[in-house]
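Rule-based calculations on the coordinates, nothing more; no lab input. Since the model is a prediction, treat every value here as computed from it, not as a measurement. FYI the Cβ positions are ideal-geometry reconstructions off the backbone, even for glycines, and counts take in every protein chain you see.
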Amino acid sequence: MMFIDLIDSTALAERFDPEDMRRLLGVYHQACARAIEAHEGHIALYIGDGLLVYFGYPNAHEDDAIRAVLAALAAIAALREANELIETEYGVRLQARIGIETGLVVAGAIGAGSSLDHRAIVGEAPIIAARLQSLAPPDAIVVGPAAQHLIQGSFKLEDLGWRELKGVTGPVRVQRVLAQADTIGRFEIRVVQGITPLIGRAAELEMLRRHWRQSVDGEMHCVLLTGEPGIGKSRVLRALCDGISDDTHVVVSLHCSAYYRNSPFWPVQHWLQRTFGVGPDASDASDMERLEAGIARLGVDADETLLVLTNLLGIPTGARHPTVETSSSSFKRRTLDVLVAILETSTRVQPVLFVVEDAHWIDPSSLEFVRLVVERLVSSRLLVLVTARPEF
Ligand SMILES: Nc1ncnc2c1ncn2[C@@H]1O[C@H](COP(=O)(O)OP(=O)(O)OP(=O)(O)O)[C@@H](O)[C@H]1O
Ligand SMILES: [Mg+2]
């Protein structure tokens, strides 16, 4: 359950006439609705300037708590963006507070006669979410203990301590969400809490080791590990990595994400950010220097690679490059060529284990990259290992 509230709405209502106030509320609702829909949440109720949102009902996902927090972060970001316009037109900035908590609820019809609500929810969680919301600083998100348990490892949190909530018995541990965590993949987030010894899977592991040995000898191999969620694809992959840790090699991982299946090159961007040590919001001069130094170390075509990677990672180049039509298909081809060249150059230095995790969520551009790698690098010291659920 997520509860969003607009700060100081009474003061705003006093200051603006109802028509302007309605327009302001419209901008705020638009910003929230887009963020919520993008993460497949359901806006259940508009209570004045507050919004009650469900994640997990009517459509359930395996990661609804994470989706709620991502939607909350996106809503705050969208509101900040909308404020640019609002400030020039109305001279105010809109800010919100968001509370999120998970809990057992009963869903279904409630009410009577013409005001029957078919998708109502009865339980403590919406009340706690609303109370938590009131504890949040402006433009901040706070989560209750149950939601915190489900999002652990996925976000950076700040402990706000044990707090009393009106109408709730006993103090509640409250955490503020600061940002998304830099963790690499879903499996890594889970193993932070401990990994169990591998049971069975000797045959699968031996098969993977055999392909690895043949790859090391200079013949690219490609293995697709498919199976239902939780069957142990990532666990087997981890066992392979542990088993070959003494061999000289490098692991290149693309981690696909359910939330970014339509963001071109999303897993590729993250791989490059990790490789070159540049930030996700790369913008400062040092990012540029790190990128240039990294490219020089690789020994690839420096100018072309720099042009493609600054564009891909959104690093401003000032007046250093001629303007190129980056949305054109010819630039996309150049981008793919550069990416394949980076991987190919790495395989000349040492064998590469190229992992594509959760390929069922891969975006079309990244998939094209993987296809090209398999097509072109046939005689490289490369093992391409793809994990995916059956729908891939
Ligand atoms: N053979 C095994 N021995 C021990 N633990 C295992 C084994 N297979 C799976 N597990 C454990 O089960 C959980 C789920 O496994 P894993 O994350 O590897 O599944 P997956 O197939 O990658 O699922 P998804 O499609 O969601 O990525 C993990 O905690 C993992 O450590
Ligand atoms: Mg997995």
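Of the candidates GLU206, GLU19, GLU357, which one comes out as most mobile in a Gaussian network treatment of the chain with C-alpha springs shorter than 10 Å? Highest fluctuation of the listed residues: GLU19. Cross-link partners of LYS233 among aspartates and glutamates, defined as those whose alpha carbon lies under 19 angstrom from its own and excluding same-chain residues fewer than eight positions apart: GLU62, ASP63, GLU188, GLU204, GLU206, ASP242, GLU357, ASP358, GLU391.
Here the Kirkwood formula puts the hydrodynamic radius of region 108-253 at 19.9 Å, using every distinct Cα pair. The residues ILE100, ILE362, when put in order of fewest to most other Cβ atoms within 10 Å, stand as ILE362, ILE100. Taking trypsin sites (Lys or Arg not before Pro) in DSSP loop states with no more than 11 other Cβ atoms inside 10 Å as exposed sites, the chain has its longest site-free stretch at 1-165.
Annotation: amide H of ALA44 within the under-5 Å range of LEU52, VAL53, TYR54, sequence separation 5 or more or interchain, hydrogens built in the peptide plane. Remark on LEU178: its backbone amide H falls under 5 Å from those of LYS156, LEU157, GLU158, a criterion applied only to residues 5 or more positions apart or on other chains, H modelled at 1.01 Å from N. Would you please state the base-10 log of I(q)/I(0) at q = 0.09, 0.15, 0.18 1/Å for region 197-388, with intensities from the Debye formula using one equal scatterer on every alpha carbon? Each listed q maps to, in turn, -0.35, -0.94, -1.28.
For chymotrypsin sites (Phe, Trp or Tyr not before Pro), no site in region 350-390 is both called loop by DSSP and has at most 11 other Cβ atoms within 10 Å. What is the Cα centroid distance between region 1-57 and region 171-221, reported in whole angstrom? So the two Cα centres are separated by 39 Å. As a rough footprinting exposure proxy, the listed residues HIS118, HIS360, HIS255 were ranked by other beta carbons within 10 Å of their own, and the order from fewest upward is HIS118, HIS360, HIS255. Under a 10 Å cutoff between Cα atoms, tell me which one of THR317, THR347, THR102 has the largest fluctuation in the Gaussian network model of the chain. Maximum among the listed residues: THR317. With springs connecting C-alpha atoms under 10 Å apart, model the chain as a Gaussian network and identify which of VAL373, VAL308, VAL192 has the largest mean-square fluctuation. Of the options given, VAL192 has the highest mean-square fluctuation.
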